[in-house]
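Trainee: First, the structure itself, so that you have it in front of you.
The values are calculated or read from the model by the stated rules, or taken from the named source; none is laboratory data. All of these numbers come straight from a predicted model, not from anything done at the bench. Cβ placement follows ideal geometry from the backbone for every residue including glycine, while neighbour counts extend to all protein chains displayed.
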Amino acid sequence: MTERLPVYCLAAAILWGYALHAPRLPIWISVVFVALCLLQWGMRRRPNRLIGYCLLGVAVGSIYGSYGYLFGREPGLALVPLLTVLKFRELRSHRDFQVLVMLGLFMVATHFIHAQGLYAALLTLPVILLLLAASVLLHGAPEPPRVRRALLLSARMWLAAVPFMIVGFVLFPRLPGPLWSIFQDPSTATTGLSNTMTPGSISQLSQSDAIAFRVKFHGNAPDPQQLYWRGPVFWYTNGNTWSAGRASPRAAIPQLRGTGAPPLIYTVTLEPSPHRRLFAIDIPAQVPEGATLSADLQLLTTRPIQQRTRYQLGSYTQYHISGAGPRELQRALQLPPGKHPGAVALARSWRAAGLSPRAIIERVLRLLREEDFTYTLSPQSTRGDSVDFLLFESREGFCGHYAAALAVLARAAGIPARIVTGYQGGTLNRVGNYYTIRQRDAHAWVEILDAERGWQRVDPTRVVAPERVQQGLEGLMPDTTLLGRDSEVHNLWTLLQDSLDAADNGWNQWVIGYDRDQQRQLLYSLGGQRATPWTFAVVLAGLAAVLFLGYLALLLHRQHRATDPTLRAYRRFVGKLARIGIHKHSAQGPLDFARQAAALCRQGSHIHAVTRLYIRIRYGDGQGSPMRLHRMVRGFSPRLR
Amino acid sequence: MPAAEQQVARIVAEANRVLVGKEHQLRLALACMIAHGHLLIEDLPGVGKTVLAHLLARLFGLQFRRIQFTSDLLPADVLGYSVYNRDRDAFTFHAGPVFTNVVLADEVNRATPKAQSALLEAMEERQVTVEGETRALPKPFFVIATQNPFSQIGTFPLPESQLDRFMMRLTLGYPDREAERTLLQGQDRRKLLQELQPVLTPEQLLQLQRSAHQVTTSPALLDYLQRLLDRTRSPEYPVGLSPRAGLGILHCARVWALMHGRAMVLPEDLQAILPGTVSHRLASADHHIAERLIQEVPIP
């Protein structure tokens, strides 16, 4: 390889490609990669075979050292860039070059195993263009500026491939689930609400900006205060940690009834999580396909949500839930013996004073409201009993603390209660007109069983810090933005963030989320309800045939179609005359033909004028405008005499 | 350029009075003359070859000599020779008939190759070397050679390499009925010729020759010419056209365009002069080979 430019271009592509992988590769792999790169750069002469094997050993050794095993997806992915760099050593023929280009493309493809987002996809584009440009530079040497021309040409090639990519993407039979999830270990999925609750656990989530799910309402969105996204329900407490406890297998699903407006209809796009849970606004009026409704109104799936999942739901925001059976009543009154002595004593004193259950709940809420309780994300670390510490000492806590306190007080007073966790609120994306619910929107509240009204939601946080529920968590956070929340810049910034998230959401919905169902729906909408896999095959074959024939026609047309605009205009002129029966022999000169045509045609002078201009441009000194010729031919419609 | 067209028109009109019904051939011969070429006329005796040669000389006011080629013709009879002059005690050169503007080499194939080549070298070099001394021929210099196609007995046909030196080969052919009638009714040709006044001066002819170089030949036209040349170099043709032929054709086409008042060469110009310029070079018995060539090659 004597040409340096294509090699530099290729090297730039490989480096960029590696940079995409680098953040998730162990640091040692990167160290070895950089060392190998420097070595390749420094070596002028091709070193002997022995050194080559040594370098290979170092590469494989570093992978084994980093992962502890060699045969698996991750070590395999790490091996690709290292071997690519080693291949540079053997760069002598065009064939080697092509192998490297292919390796580079493969490296880009493996990037999608870990990242499928819109921006990840956009970041791979320069690598592809650079690789194509390297090939262009190798094969044909464009005029200077060579690199710019090569990049332009590769961009054009890439654009030309886009229609084929779209057709292939839309019509090629979809695999059930993305290819890369075949290897995926569910435990590596992102975190979310856990299956247990200690009062502090939610405040950890509140630090996370990660998206839990996005929601699009069909129709008007409700008041943010009503957006209680129901998640895990906890019955059992050991004094510190709340968990689901053991549910009765015969527990009947209670009777649900909407008491107000018709149910809200909305579509949720859930991010992957290790859990088998769907989220719904309190309370779900219907159950999506593939999910079941538990006795405490959680939507559960049979398998963990390994990939982004979309489902449509309806919910009642005003509702009536029928009461519980004796087994549920017993679970809803469970308290760990000997724990929370202060709280239990307080509750019993209210009970002894003859207060009704509703009055007792009122009392608790009044206590939380009137006494100096504060809502904070970083409460003092608990000393002693968590509930007593909150109620009688620190008087500060997070939603989990207050929910636990209310539940304990209620149970101690003999009122059945359970804790419901989930999310509350959400951020409206003004660009995409949907709500984004992030991990920091995680919330916990309490459900109290009222003898007449069934299970009723009571949110103690709403009493302590009404802003939390009305404005979301952001309303509570100190204003750390430089310019204040209401400034123009801040609004613009929010708009930008919303736009980026809306683009990402669109990508997730339409590209990543394009599955068999969507494909089938699309084909139904194209081919009607009777569309079958055969329709599908016919459509695909038909499109392939059309594309192929179109390509052939283009080739044939190109052959006849002159690139010179003058000649093109003149051929059109000749074609127009041929249509009325005046044919030009291929060896007939333009003047002869003009004489022949003018003798047969009414527009003799026009024919001569066109011919004069054509002759002047094509055979003369090049003066005269092809555009004018084009216009003259366009306005020409010959008639026989 | 329009001036050239008018001049040519005047010449043709004047010539038509003498050489009836041969306007196209006359124009081709004119083109050949303006293009610095030499003309070979292959035809029967008595169809007007001599008249044509004479005409071209008279119309431009040029000197005219005729050499009758016979089997005993020597190069010195063409070029000239030196004779010892006793008075001056030196050799004096007696210029041969070739030292003139227009030479008619009648029945050129009757002479021996040696005599033929003397003429042909003079045609090519436009100068004559006799006894070690080089003498330039007058300007303009134009040779019209004739040969009789039918009586090949006792002749020395010109080899192909020599034929290539003629820019054009024409046949005059019999006149058509109307022209023949005019001819029969009219006066004696010789008398008419003598009465003819020059239309243009020799200087104007040289000017025309210079103007021909100004005519544009576009890339599109050169494409067409190259296609034509390439076609003759295929196995279907016994001999392909030489680069010299290509140059000759192109220049002749320039002159043709000039004679029609155009500043650029069109495919039609090439087609018009092609039969005259290529048929003797392609060594084919087919008289219509040039027409066939034109039909076969599309204009790009």
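Trainee: Would you say residue A:585 is away from chain B (no Cβ under 14 Å), at pLDDT below 90 and closer than 28 Å to residue B:295 by Cα?
Mentor: Judged against the criteria, residue A:585 is not a match.
Trainee: Does residue A:274 satisfy the condition of being buried (at least 17 other Cβ atoms within 10 Å of the Cβ), touching a strand residue (DSSP E or B) at 6+ places or on another chain (Cβ under 8 Å) and in a loop (DSSP other than H, G, I, E, B)?
Mentor: no
Trainee: Residues of region A:371-426 being among the basic types (Lys, Arg) and crowded, with 24+ Cβ neighbours inside 10 Å, which ones?
Mentor: Result: A:418, single match.
Trainee: Which residue out of A:494, A:535 is surrounded by 11 or more Cβ atoms within 10 Å (Cβ to Cβ) and modelled with pLDDT of 75 or more?
Mentor: A:494
Trainee: Now for a different question. Where in region B:169-241 are the helices (runs of 4 or more DSSP H), entirely inside, with at least 1 residues that are more than 14 Å from chain A (Cβ to nearest Cβ), within 24 Å of the chain's Cα centre (by Cα) and under 15 Å from residue B:16 (Cα atoms)?
Mentor: B:177-185, B:189-195
Let's see how each residue does on (1) crowded, with 20+ Cβ neighbours inside 10 Å; (2) free of Cβ contacts under 8 Å to residues at least 40 places away in the same chain; (3) under 26 Å from residue A:510 (Cβ atoms):
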site: A:91; (1), (2), (3): no, no, no
site: A:94; (1), (2), (3): no, no, no
site: A:102; (1), (2), (3): no, yes, no
site: A:112; (1), (2), (3): no, no, yes
site: A:117; (1), (2), (3): no, no, yes
site: A:127; (1), (2), (3): yes, no, yes
site: A:134; (1), (2), (3): yes, no, no
site: A:137; (1), (2), (3): yes, no, no
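Trainee: Which ones in region A:110-167 are under 30 Å from residue A:545 (Cα atoms) and hydroxyl-bearing (Ser, Thr, Tyr)?
Mentor: Within region A:110-167, A:135, A:154 meet the criteria.
Trainee: Okay, moving on. Could you please find all residues in region A:254-271 being within 30 Å of residue A:335 (Cβ to Cβ) and under 35 Å from the mean Cα position of the chain (by Cα)?
Mentor: A:256
Trainee: Within region A:569-587, take every residue that is among the small types (Gly, Ala, Ser) and outside any helix (DSSP H, G or I) and give me the one that is surrounded by the most Cβ atoms within 10 Å (Cβ to Cβ).
Mentor: A:587
Trainee: Now for a separate question. Which residues, taken from region A:272-302, are under 21 Å from the mean Cα position of the chain (by Cα) and of a type outside the set (Phe, Trp, Tyr)?
Mentor: A:272, A:273, A:274, A:275, A:276, A:277, A:278, A:280
Trainee: Pick out the one residue from A:611, A:566 that is part of a helix (DSSP H, G or I) and modelled with pLDDT of 90 or more.
Mentor: A:611
Trainee: Sticking with this one: Among the residues of region A:13-27, are any more than 31 Å from the chain's Cα centre (by Cα), crowded, with 20+ Cβ neighbours inside 10 Å and β-branched (Val, Ile, Thr)?
Mentor: no
Trainee: Shifting gears a bit: Step by step: first the residues of region B:244-300, then only those that are among the small types (Gly, Ala, Ser), more than 11 Å from every other protein chain (Cβ to nearest Cβ) and in a loop (DSSP other than H, G, I, E, B), then the one that is surrounded by the fewest Cβ atoms within 10 Å (Cβ to Cβ). Which residue is that?
Mentor: Restricting to residues being among the small types (Gly, Ala, Ser), more than 11 Å from every other protein chain (Cβ to nearest Cβ) and in a loop (DSSP other than H, G, I, E, B), the top hit is B:285.
Trainee: Turning to a different aspect of this structure: Could you please find all residues in region B:154-168 being more than 18 Å from the chain's Cα centre (by Cα) and among the polar types (S, T, N, Q)?
Mentor: B:155
Trainee: Just checking, how many residues over region A:588-608 are assigned to a loop (DSSP other than H, G, I, E, B) and surrounded by fewer than 18 Cβ atoms within 10 Å (Cβ to Cβ)?
Mentor: 2
Trainee: Among A:284, A:326, A:336, A:357, which is the only one that is surrounded by fewer than 13 Cβ atoms within 10 Å (Cβ to Cβ), in contact (Cβ under 8 Å) with a residue 40 or more places away in the chain and of a type outside the set (Ser, Thr, Tyr)?
Mentor: Checking each option against the conditions leaves just A:336.
Trainee: Of all residues in region A:67-98, which are of a type in the set (Ser, Thr, Tyr) and modelled with pLDDT of 85 or more?
Mentor: A:84
Trainee: Would you mention how many residues in region A:262-294 are farther than 26 Å from residue A:506 by Cα and among the small types (Gly, Ala, Ser)?
Mentor: 2
Trainee: Also, I was wondering about something else. Could you check region B:122-148 and list, in sequence order, the residues that are modelled with pLDDT under 80 and within 17 Å of the chain's Cα centre (by Cα)?
Mentor: Matches in region B:122-148: B:148 only.
Trainee: Give A:621, A:592, A:564 a once-over and let me know the one that is within 14 Å of another protein chain (Cβ to nearest Cβ) and under 50 Å from the mean Cα position of the chain (by Cα).
Mentor: A:564
Trainee: Within region A:596-605, does at least one residue satisfy the condition of being within 14 Å of chain B (Cβ to nearest Cβ) and within 60 Å of the chain's Cα centre (by Cα)?
Mentor: no
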